[in-house]
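Student: Have a look at the structure that comes next, please.
Derivation of every value follows stated rules applied to the coordinates shown; laboratory data play no part. The structure presented is a predicted model; accordingly, all values stated were derived computationally and were not measured. Positions of Cβ are generated from backbone atoms using ideal geometry, with glycine treated the same way; all protein chains shown enter the neighbour counts.
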Amino acid sequence: MLTLLKKTGCCALAVVLSLSLLVTGCSKSPSTAPAEITQQVIENNNFSKLKELSGDQLSSYFQFKNTDVKRFSAFISDSTDLADTVAAFETETKDDYNLVITGVSKYLTKLSSAMQTSFENEYDKTRSALIMHIDNTVILVVSSDFEKIEAQLKELGAKAVY
């Protein structure tokens, strides 16, 4: 009789634990909107004048279209001699995520090449640029305060892409 009670108790406990894992595993935390991410990074750090990119401008900078992302928020320096960039791109599919990563990498390569010969400090910024993600949102930050910004993004749950 005691053995039967122990087995029943163990089975009941196993069912309760399984259900709790299922419930917590299925509940997804709400993603942080790209605009919230970029706003927080810009407000908490020293950036020169940044201009916001419109959807029509995405393809000329990042080589993907605004239709390739669910939502985005992107700011680049309004001066050609500064590399400062803060951008976040939320994607819906793995293919779109990979497309954004490729576009961000191409943007950094182009920016780095433009800064290399004339602007050493800005070139260094591009070499230490942050490419991180929170779930399906890719985040790019080019700044001299990359360590501080990386810590801030990690507090939001961001992880390095590479």
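Student: Considering only lysines 8 or more places apart in sequence, or on different chains, count the pairs in region 31-160 whose C-alpha atoms sit under 15 Å apart. Working shown, then result.
Tutor: Numbers: 65/106; 70/94; 110/125; 125/148; 148/159.
Step by step, the pairs that qualify in region 31-160 add up to 5.
Student: Where in region 78-162 are there GluC sites (Glu not before Pro) that are in a DSSP coil and have at most 14 other Cβ atoms within 10 angstrom of their Cβ? Don't skip to the answer; put the middle values down first.
Tutor: Details: sites: 90, 92, 120, 122, 147, 150, 155; in loops: 92.
Hits after loop and neighbour filter: 92.
Student: Between residue 135 and residue 60, take the C-beta separation as r, use R0 = 30 Å, and let me know the FRET efficiency to the nearest 0.05.
Tutor: Values: r = 27 Å, r/R0 = 0.90.
E(calc), rounded to 0.05, equals 0.65.
Student: For residue 161, which sequence-distant residues (separation of 5 or more, or a different chain) have an amide H within less than 5 Å of its own amide H, given hydrogens modelled in the peptide plane?
Tutor: Residues meeting the criterion, in which the H sits 1.01 Å from N, are 131, 132, 133.
Student: Which ³J(HN,Hα) values, rounded to whole Hz and listed in residue order, are derived for region 48-57 from phi using the Karplus coefficients 6.51, -1.76 and 1.60 in 6.51 cos²θ - 1.76 cosθ + 1.60 with θ = phi - 60°, glycine and proline given as x?
Tutor: 5, 4, 10, 10, 7, 8, 8, x, 5, 8
Student: For a test of the definition: using alpha carbon positions, the gyration tensor, and the 1.5 limit on a/c, classify region 31-160 as rounded, prolate or oblate.
Tutor: Oblate is the answer for region 31-160, as a/c is 1.5 or above yet b/c matches or exceeds a/b.
Student: Within region 28-120, list the trypsin sites (Lys or Arg not before Pro) lying in a DSSP loop whose Cβ has at most 12 other Cβ atoms in a 10 Å radius. Can you show the working numbers first?
Tutor: Working: sites: 28, 49, 51, 65, 70, 71, 94, 106, 110; in loops: 28, 49, 65, 70.
Sites meeting the loop and neighbour criteria: 28, 49.
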